[in-house]
Amino acid sequence: MNDAHAKLRGVKRIYRGVGKQPPTHALGPVDLDLKRGEFLSVVGPSGCGKSTLLDVLAGLARPDEGTIEFEGKLVQGEVPDGIGVVFQEDSSFPWLTVRENAGFALARAGMAPAEIKERVDATLSFMGLASFAESYPVQLSGGMRQRLCIARTLVTRPRLLLLDEPFGALDQQTRLLMGDELLRLWRETGATVLLITHALDEAAMLSDRVAVMSARPGVILDLVETDWPRDRDSRIVSEPSFGAVTARLWSTLRGESMKSMATQ
Amino acid sequence: MKRAAAIRWLLIALLVALLELACSLRWIDPTAIIPPSAMLMGAMKIVLIGEWQRAIVETLTTVAIAVALSSAVGLLLGWALTRAPRLRRAVDPLLASWYAIPTFVFYPLFIVLFGLGRWPLVAIGFLFAVVAMTLSTIQGIERVPRTLLRAAQAMRLTRTQTALRVVLPSAAPWLFAGLKLVVAYAFIGVVAGEFILANEGFGHRIAFAYNNFDNRAMYGAILLLLVFVATLNASLAGWEKRLLRRRGLR
Ligand SMILES: Nc1ncnc2c1ncn2[C@@H]1O[C@H](COP(=O)(O)OP(=O)(O)O)[C@@H](O)[C@H]1O
Ligand SMILES: [Mg+2]
């Protein structure tokens, strides 16, 4: 039985250079199976191809080599139904209210207004945004805005949720709490989650498995299983085994980060 | 902000008072400039008697047509150019140097082409305004944050949905700035055209009053035109401000 939710085989991505620039081999080859319902994080030094990996997995860009399957179907140049993406930068629409932002994808897909309202209300209160429904993004804090971006994706009920360093711009305390929120929504939605992060502790605390990527071109060097219980939360950082996981991640990453620093 | 507005009005009031004083003390030749109070009387007369109504309606209609045409064509042209980078690189220098051309030299040509009346004026206003809209549109479209486009793609929007629901609203502040320029340029083009050669319209009436040494009517009309354009501009600016404030841009 193969219960892989998404499957990457020999995935490579090479950016063609502009003008006389040489091409950049950004990613791969990468082989990776995402198990249905798991929480997998990807860590790696900056510029190693993490965002590129997310792009090709989501169908936002085509790989130059290799194949990607989602729920048994090839992903080819468009985002399949069932995949939700949250980007590294704030991508809320500044001209829409929180409520309109959250309902945007559903409205474009032609869902009935009554049903949109129901789903949006439920999601906004789930994400703690209910009292901001009529505000504009500019009136929200950075953390709130990122929550809005997550809410906007959640209303479409993705079965695979891809998050690209969604908490990158937040302070450490907020990050920990957002991590708890993410675990809660992962448990309650039953979705498969792939989280890209550069923070080792974040990856170690949240994930069932952590994939460690090499410096560019990013390949997967190590896959670390954490064995955390499903109902974990950020308090796990005080467990002795948490230290062991981060130590293992760091021992692989240290050399790669030095390489990546040297080339930048 | 309020303070700046107060100072601005005070400055204007001072200048007007100074002009009034200069005129009544005969520092200025009354056949050259009449006192502001007389200008106001002239403007009131124009409004109350209503003999200029036709001229005003004529000019506003011409300006409105020029504004509608140039903003629509500018929008489409700007959009098309962002889609065709090669063509864009070819015409960029032309667009950039557009306002170095004295467009008015083509006015006689337009009269030959379109005859006397409204259409050569529309053509002048259009030519004057269209490039401002094109340039603003290009700017607005190019500044749509890439992450918003990627979000649209991730939400599986169609091309048309992306254009109308993401690119258009995201570019709106630039389009609005373009529209303000278009209104200003269309007024300049049309009124100046009426000055030179036309048989009706605000500019024509001003020129007519000038030729007949009717200073009251001339300055009254100039005052009226100024008030009119300023009001229109202020209401556009107010609208723009609300749009921007909602997004926290100002
Ligand atoms: N559109 C692009 N064109 C050319 N090079 C790119 C492009 N996007 C990313 N790259 C390069 O590919 C490498 C990987 O980028 P990215 O996937 O964004 O890394 P990460 O998310 O891990 O920081 C980097 O060296 C980056 O400079
Ligand atoms: Mg990245």
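The values are calculated or read from the model by the stated rules, or taken from the named source; none is laboratory data. Keep in mind it's a predicted model, so treat the numbers as computed, not measured. Note: ideal-geometry Cβ built from the backbone for every residue, glycine included; neighbour counts use all protein chains shown.
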Does A:PHE87 fit the bill of being more than 16 Å from ligand 2 (Cβ to nearest atom), touching a helix residue (DSSP H, G or I) at 6+ places or on another chain (Cβ under 9 Å) and touching a residue at least 12 places away in the same chain (Cβ under 8 Å)? no
Considering only the range A:131-232, give the helices (runs of 4 or more DSSP H) lying wholly within it that have at least 1 residues that are within 16 Å of ligand 2 (Cβ to nearest atom) and either surrounded by fewer than 20 Cβ atoms within 10 Å (Cβ to Cβ) or touching a residue at least 60 places away in the same chain (Cβ under 8 Å) (or both). A:142-154, A:200-206
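Picking from B:ILE46, B:ILE28, B:ILE33, which residue would you name as being part of a helix (DSSP H, G or I) and either on the phi < 0 side of the Ramachandran plot or not β-branched (Val, Ile, Thr) (or both)?
Result of the check over B:ILE46, B:ILE28, B:ILE33: B:ILE46.
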Checking A:ASN101 against (1) within 13 Å of chain B (Cβ to nearest Cβ); (2) without any contact (Cβ under 8 Å) to a residue 24 or more places away in the chain, only one condition comes out false. Which one? (2)
For the range B:132-158, enumerate the residues that are within 7 Å of chain A (Cβ to nearest Cβ) and not in a helix (DSSP H, G or I). B:MET155, B:ARG156, B:LEU157
Within the range B:92-103, track down each residue that is surrounded by 15 or more Cβ atoms within 10 Å (Cβ to Cβ) and out of contact with any Ser or Thr (no Cβ under 8 Å at 6 or more places or on another chain). B:TRP98, B:THR103
Is it the case that the range B:72-83 has a residue that's in the same structural domain as B:ASN199 (by TED's automatic domain parsing) and either exposed (fewer than 12 other Cβ atoms within 10 Å of the Cβ) or more than 27 Å from the chain's Cα centre (by Cα) (or both)? yes
Can you say whether A:SER131 is away from chain B (no Cβ under 14 Å), closer than 21 Å to A:LEU182 by Cα and among the polar types (S, T, N, Q), as far as the supplied structure shows? yes
Take the conditions within 14 Å of chain A (Cβ to nearest Cβ), aromatic (Phe, Trp, Tyr) and out of contact with any Asp or Glu (no Cβ under 8 Å at 6 or more places or on another chain) and apply them to B:TRP98. Does it pass? no
Is the range B:47-55 home to any residue that is loosely packed, with under 13 Cβ neighbours inside 10 Å, basic (Lys, Arg) and not assigned by TED's automatic domain parsing to the domain that holds B:TYR219? no
Counted residues, the range A:117-130 - those being without any contact (Cβ under 8 Å) to a residue 24 or more places away in the chain and among the hydrophobic types (A, V, I, L, M, F, W, C): 2
Qualifying positions in the range B:212-249 - surrounded by fewer than 11 Cβ atoms within 10 Å (Cβ to Cβ) and within 14 Å of another protein chain (Cβ to nearest Cβ): B:ARG242
Among the residues of the range A:57-83, what is the count of those that are more than 16 Å from ligand 1 (Cβ to nearest atom), within 9 Å of chain B (Cβ to nearest Cβ) and buried (at least 16 other Cβ atoms within 10 Å of the Cβ)? 3
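How many residues, within the range B:159-210, are within 14 Å of chain A (Cβ to nearest Cβ) and β-branched (Val, Ile, Thr)?
Final tally of qualifying residues: 4.
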Can you find even one residue in the range A:84-97 that is under 24 Å from A:LEU54 (Cα atoms), more than 10 Å from chain B (Cβ to nearest Cβ) and modelled with pLDDT of 90 or more? no
Looking only at the range B:7-20, decide whether some residue is more than 26 Å from B:LYS180 (Cβ to Cβ) and in contact (Cβ under 8 Å) with a residue 24 or more places away in the chain. no
Could you tell me which numbered condition A:LYS35 fails, if it satisfies all but one of (1) of a type in the set (D, E, K, R); (2) within 15 Å of ligand 1 (Cβ to nearest atom); (3) in contact with a His (Cβ under 7 Å, 6 or more places away or on another chain)? (2)
Out of all the residues in the range B:171-189, is one or more β-branched (Val, Ile, Thr), in contact with a Leu (Cβ under 7 Å, 6 or more places away or on another chain) and assigned to a helix (DSSP H, G or I)? yes
Any idea how many residues of the range A:91-115 are surrounded by fewer than 19 Cβ atoms within 10 Å (Cβ to Cβ) and either under 20 Å from the mean Cα position of the chain (by Cα) or among the β-branched types (Val, Ile, Thr) (or both)? 1
Selection from the range B:172-202 of residues that are acidic (Asp, Glu) and crowded, with 22+ Cβ neighbours inside 10 Å: B:GLU194
